[in-house]
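Reading through the structure tokens given below for one structure.
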Amino acid sequence: MNYLLFAARCVLGLVFVVSAWTKLRDFPAFLGALTTMRVLPEALDRPMAALVVILEVAVPLLLLVTVTAPLGLALAAVLLIGFAAAISVTLARGTGAACACFGPASHPFGRRHLVRNALLAVLAGAGALVGVGQSAFPPVAGAVITAVGALVVALLMILFDEVAELVAGPVRR
């Protein structure tokens, strides 16, 4: 197995597990955040919120199985691009909506959210491309090192708002 593929599976699996878990833990808050974004007609917010959560749960499940991992990575890339499109609409409309990507929304959407989604989408796309036809598991030592690195990257992505605020200051639109 290519180390890029293994790293992509680990990073995106962790990111989507945390994202889905936090949305499921407080679905009304996620639904409220989605409604505040005003991307869709309000009547579609609840079905879209449910669909997002279902697809976010599907990604890590697909990533667990070698044969379905490229599909999981492709689904992750499509979701991340869709999220970026929704964020772009939200920013253009100036709704002041906050990011409920990983739990209760505390940071308003900004360009940094587009950067995070773009980074993750590139990783998902690259992993999907190299994953076709890959089946062997990496050597244990390499897999452990890659998994630890992936955990660090996943945590940086999950805590992206906090890290970016430490480095660059509050969100600017």
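The values are calculated or read from the model by the stated rules, or taken from the named source; none is laboratory data. As the structure is a prediction and not an experimental result, all values here were calculated from the model. Glycine gets a Cβ as well: all are built from the backbone with ideal geometry, and neighbour counts include every protein chain shown.
Of the residues T68, T35, which single one is hydroxyl-bearing (S, T, Y) and within 24 Å of G13 (Cα to Cα)? Reasoning before the result, please.
Numbers: T35 fails: within 24 Å of G13 (Cα to Cα).
The match here is T68.
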Q. Quick one: is I87 crowded, with 20+ Cβ neighbours inside 10 Å and more than 20 Å from L155 (Cβ to Cβ)?
A. yes
If you go through T95, T22, the only one that is among the hydroxyl-bearing types (S, T, Y), under 22 Å from L155 (Cβ atoms) and modelled with pLDDT under 95 is T22
The residue that is modelled with the highest pLDDT, considering only those in segment 125-173 that are under 24 Å from L75 (Cβ atoms) and outside any helix (DSSP H, G or I), is L159
Taking segment 117-144 and keeping residues of a type in the set (V, I, T), exposed (fewer than 13 other Cβ atoms within 10 Å of the Cβ) and out of contact with any helix residue (DSSP H, G or I) (no Cβ under 8 Å at 6 or more places or on another chain) leaves V140, V144
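Considering only segment 7-61, how many residues are of a type in the set (V, I, T), more than 23 Å from G94 (Cα to Cα) and in contact with an Asp or Glu (Cβ under 9 Å, 6 or more places away or on another chain)?
Of all residues in segment 7-61, those of a type in the set (V, I, T) come to 11, 15, 17-18, 22, 35-36, 39, 52-54, 57, 59.
With more than 23 Å from G94 (Cα to Cα) added as a condition, the list becomes 11, 15, 17-18, 22, 53-54, 57, 59.
Still in the running and in contact with an Asp or Glu (Cβ under 9 Å, 6 or more places away or on another chain): 17.
Final tally of qualifying residues: 1.
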* Do we have A20 as of a type in the set (A, V, I, L, M), closer than 20 Å to P108 by Cα and assigned to a helix (DSSP H, G or I) here? -> yes
Subset of segment 34-69, residues in a helix (DSSP H, G or I), of a type outside the set (D, E, K, R), surrounded by 19 or more Cβ atoms within 10 Å (Cβ to Cβ) and over 16 Å from the mean Cα position of the chain (by Cα), comes to M37
